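Notes follow once the structure below has been shown.
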Amino acid sequence: MNERQQAITELLDEHEVSTQLQLQRLLARRGHDVTQATVSRDLDRLGVVRVRRHGRLVYALSEDSDATPADPIGQVVLALGLVRGMEASGQMAVLKTGPANAHPVAFAFDNASFPEIIGTIAGDDTLALIAREPHTGHDLIRLIERLQEETP
């Protein structure tokens with residue numbers, strides 16, 4: 001872990017950070033002038049997740065959340081809180097999120113290794129889940145809806 005990543009872990013312990021821009025500004029105050037892309041990569045490398053605290057989503061180290069790496073389905077359930085909409089098309093389910101939230105959702109699905117999902121593709125605010133044959137995008141939407149029912 002480099003000095004900047006150490007600063008991120010300290011900032012997440014000290015503040016309820018809800019956006020990458022907020023984290024970027026906090027890092028700048030500590031002398032780390034970085035881009036949003038760098039912040040995003042560091043969050044991914046550190047295994048940071050978004051969790052609900054006091055009614056809002058904030059970044060937290062994965063050990064701070066109720067879902068641990070030993071609970072990949074729990075990680076997906078948490079990540080689904082970032083999904084704003086979804087639509088099926090052929091063998092794909094397309095999920096819409098807020099800015100910079102598609103990757104954490106895709107990462108959670110990849111780690112969960114659902115047999116119905118062959119892989120994911122993520123952009124900034126949109127991701128695609130690709131169904132493994134004989135499943136369809138509609139099957140994946142139904143799977144997601146079942147998981148959302150488990151959301152605390």
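The values are calculated or read from the model by the stated rules, or taken from the named source; none is laboratory data. This one's a predicted model, so the numbers in the text were calculated from it and none came from an experiment. All Cβ positions, even for glycine, are placed from backbone atoms using ideal geometry, and neighbour counts span all protein chains on display.
For this structure, a couple of remarks:
- For T38, the conditions (1) modelled with pLDDT of 85 or more; (2) within 15 Å of the chain's Cα centre (by Cα) all hold with the exception of (2).
One line per residue, one yes/no per condition, for (1) part of a loop (DSSP other than H, G, I, E, B); (2) touching a Phe, Trp or Tyr at 6+ places or on another chain (Cβ under 9 Å); (3) in contact (Cβ under 8 Å) with a residue 40 or more places away in the chain:
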site: R50; (1), (2), (3): no, yes, yes
site: Q75; (1), (2), (3): no, yes, no
site: M86; (1), (2), (3): no, no, yes
site: F107; (1), (2), (3): no, no, yes
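- Pairs, first more than 14 Å from E10 (Cα to Cα) and part of a loop (DSSP other than H, G, I, E, B) in region 27-47, second among the polar types (S, T, N, Q) and modelled with pLDDT of 95 or more, C-beta under 6 Å, six or more apart: none
- Residues in region 82-104 that are farther than 14 Å from I141 by Cα and at pLDDT 85 or above: 8 in all.
- Count of residues meeting criterion [surrounded by fewer than 16 Cβ atoms within 10 Å (Cβ to Cβ), over 20 Å from V105 (Cα atoms) and not β-branched (V, I, T)] in region 17-40: 6
- Considering only residues in region 41-56 that are over 11 Å from the mean Cα position of the chain (by Cα) and crowded, with 17+ Cβ neighbours inside 10 Å, the one that is modelled with the highest pLDDT turns out to be D42.
- Residue in region 129-141 that is closer than 18 Å to S40 by Cα and assigned by TED's automatic domain parsing to the domain that holds L80 present: no
- Close pairs (6 angstrom Cβ cut-off, 6 or more residues apart or separate chains): part of a strand (DSSP E or B) in region 120-142, surrounded by fewer than 15 Cβ atoms within 10 Å (Cβ to Cβ) and hydrophobic (A, V, I, L, M, F, W, C) anywhere: A128/I121; I130/I118
- Residues of region 86-106 satisfying the condition of being out of contact with any strand residue (DSSP E or B) (no Cβ under 8 Å at 6 or more places or on another chain) and surrounded by 17 or more Cβ atoms within 10 Å (Cβ to Cβ): A100
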